[in-house]
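Asks: Below is a structure I'd like to ask you about.
Nothing in this text is a laboratory measurement; each read-out follows from the coordinates by a stated rule. This one's a predicted model, so the numbers in the text were calculated from it and none came from an experiment. With ideal geometry, Cβ positions are generated from the backbone for all residues, glycine too; neighbour counts draw on all protein chains shown.
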Amino acid sequence: MERTLIIGTVLKPQGIRGEIKVKPYTDSAEDFKSFKRVFLDGEEYRVLSCRTGADAVFLGLRGVPDRNAAELLRGKEISALREEAPDPGEGRYYIADLLGSELVTEEGELLGTLTDIRQAATDVYTVLREGKEILFPAARGVIAAVDVGAKRITVNKRRFEEVAVL
């Protein structure tokens, strides 16, 4: 498993004191309050302040004293250590743990390898099969089982074929 998780992207500086506005990739913006440090381009930053609002997170980081320093972080992905991240809960998974998984039917037919998950109201999964991308929503009844340890996602073939975009 990955040691770090991508938890958001810096959108822009916020104010003149070096605070940054972040688009969170977590289920809840409140999850950011559990992080004591974050990483941008492999460099560690201690979290000095964290507040949430309007589907965004506002972070104050040690080493980012003003708007000019915050501007240099625009567009960068923010990572955090897995051990500081909240438990995803029953039936929920970190995207990093699912990427690279085999997608198979309940009968064992290999459909491809999961290469991307786009977050939306219903997440959209991208599977690579024989050089072609297949997109499908993780809608009710499509995913039958997930085995993170074995890197295997089992789907209901009939339901998968109804919703997949080839």
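Asks: Among the lysines, which fall within straight-line cross-link reach of Lys33, defined as a Cα-Cα distance under 19 Å, with same-chain neighbours fewer than 8 residues apart omitted?
Replies: Straight-line reach from Lys33, under 19 Å: Lys21, Lys23.
Asks: As an exercise, use a Förster radius of 41 Å and the Cβ-Cβ distance of Leu81 and Arg140 to find the FRET efficiency, rounded to the nearest 0.05.
Replies: For Leu81 and Arg140, the calculated efficiency is 0.80.
Asks: Under the classification rounded if a/c is under 1.5, otherwise prolate if a/b is larger than b/c and oblate if not, where does the stretch 95-163 fall, given a ≥ b ≥ c as square roots of the Cα gyration tensor eigenvalues?
Replies: Rounded shape, in that the Cα axes give a/c under 1.5.
Asks: Still on this structure, please answer the following. If you consider only alpha-carbon coordinates, what radius of gyration and Dmax does the chain have, in Å?
Replies: So, for the chain, Rg and Dmax equal 18.4, 58 Å respectively.
Asks: When the chain is fully extended, how far beyond the present Cα-Cα distance does Arg37 get from Arg51, taking 0.36 nm per residue of separation?
Replies: 3.6 nm
Asks: Also, quick follow-up: Sum -39500 (n - 2.57) across every DSSP H segment of at least 4 residues in the chain, then divide by the residue count to get the 222 nm mean residue ellipticity, nearest 500.
Replies: About -2000 deg cm²/dmol.
Asks: Please sort 5-18, 149-162 by packing, taking for each peptide the average over its residues of neighbouring beta carbons within 10 angstrom, highest first.
Replies: My ranking of the peptides, most packed first, is 5-18, 149-162.
Asks: Please name which of Tyr25, Ile143, Ala69 has its Cα lying farthest along the dipole of the chain towards the positive end, using unit charges on Cβ (Lys, Arg +1; Asp, Glu -1) and the Cα centre as origin.
Replies: The residue sitting most towards the positive pole is Ala69.
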